[in-house]
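Just so it is clear, none of the values below were taken in a lab; they were calculated from the coordinates. If you're wondering where the values come from, they're calculated on a predicted model, not measured in any experiment. Here Cβ is always computed from backbone atoms with ideal geometry, including for glycine, and neighbour counts include all displayed protein chains.
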Ligand code: ZN
Ligand code: ZN
């Protein structure tokens, strides 16, 4: 990994991702596997005037020993100083960058319920911090960096070093970073294109979208009233623009939980709880999956659909041009941050309140009244293709072509 490229990537994370402000504190979640990137991010943040950069190191191997050797009680006792620290980040207006670098399969063979208990205890204790970031009260950003285990899963035929290098190249390409470009300018341009799509689609306020391709997808997805198309950069409640995900290609909104009819054929495998569901399809009636099939892991698909009441209905519909860097790479990253940005996708399960006017201020009951789907799962799957056609139906019945041959034409 060349230093110049690492520097460019860190710059994008700091200036476009979290958009760290002069005098602001930056918190970086980093694995010990990704320390070079964490260091470079710290440097770039100081260069734009951050008052303090704090790295919260985590190590999946050490966590594993905890799950293995600590008692339930030890794992679920959260000390007060830990909570206070996060409260201080909120009070101080800190922004956040999280570097994701999954050690694929690290917790295999461990007691899953023990891991679940530990995670629930921590996330409950600092749920105020999660609400603070997810509610966009500050700027936050998720980016990725490779480790040897993950890289070898994505590129199983390569030697470890080569796999890491190949995954770095793929991540940088997907993140619009090259030796010759100015990635910050590139991202500003990209955000403009995404926001243009959001504005046009928001103006139309389509009643429904009709998807069709030669693989057999033929489905109508009704959208909730007063839906909001989001994607690309967002504004924090303090009015600072940031990008929550790098990369991001999607423009997404809220389908109506009772308004999906027809058949959808997936175009990429779906990784659910470590099992790969391949060549599958779903048929919807009045929003609910009524039949389905898969060439591989049909049982896993069944488990996903039966997770709870909302997991057989949709919570998200996202449009992505087939001609995008991630899709063009043809790589299956085995990580949602990338794979969901390769193709038009839908999500089974929970919807996002931000996708409807006033949604963030509504309670669960009010949301459900307008067609919001609630569930413990949110599982994206890809169904876009090079020949996808999408037609929007306006509230007065007019038809507008949105996608032709897999790409946006509006
Ligand atoms: Zn999405
Ligand atoms: Zn999603």
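Structure notes:
- Take the Cα of residue 409, go 7 Å toward its beta carbon, and the backbone nitrogen atoms of the stretch 382-401 under 15 Å from that spot belong to 386-393, 399-401.
- The C-alpha atoms of the chain define a longest principal axis, and helix 80-91 lies at about 70 degrees to it.
- The chain: angle of helix 183-204 to the longest principal axis, Cα-based, in degrees nearest 10: 30 degrees
- Additional length obtainable on full extension of the chain from residue 225 to residue 238, 0.36 nm per residue less Cα span: 2.0 nm
- Ellipticity estimate at 222 nm from DSSP helix runs (n ≥ 4, -39,500 (n - 2.57)) divided over the chain, nearest 500: -10000 deg cm²/dmol
- Helix 112-125 vs. the chain, principal-axis angle (Cα, 0 to 90°, nearest 10): 80 degrees
- Alpha-carbon centroid distance for the pair the stretch 166-225 / the stretch 283-298, whole angstrom: 26 Å
- Calculated diffusion of the chain, Stokes-Einstein form, Kirkwood radius summed over Cα pairs, 20 °C and 1.002 mPa s, µm²/s: 96 µm²/s
- Inter-site label distance for residue 157 and residue 7 at 7 Å from Cα along Cβ, in nm: 3.6 nm
- Gyration tensor analysis over the Cα atoms of the stretch 3-174 returns equivalent ellipsoid semi-axes of 26, 26, 11 Å (largest first, whole Å).
- Here the calculated FRET efficiency for residue 368 and residue 263, from their Cβ-Cβ distance with R0 = 35 Å, stands at 0.85, rounded to the nearest 0.05.
- Descending by average beta-carbon neighbour count within 10 Å, the peptides 335-341, 393-399, 16-22, 314-320 line up as 314-320, 16-22, 335-341, 393-399, the highest first.
- Extension gain from residue 186 to residue 73, taking 0.36 nm per residue of separation minus the Cα-Cα distance: 35.8 nm
- Chain lengthening between residue 48 and residue 116 when straightened (0.36 nm per residue, less Cα-Cα): 20.6 nm
- Within the stretch 203-223, backbone nitrogen closer than 20 Å to the virtual label 7 Å beyond the Cα of residue 295 toward Cβ: 213-218
- Average projection area in nm² (convex hull over Cα atoms of the stretch 260-344, one quarter of hull surface): 5.6 nm²
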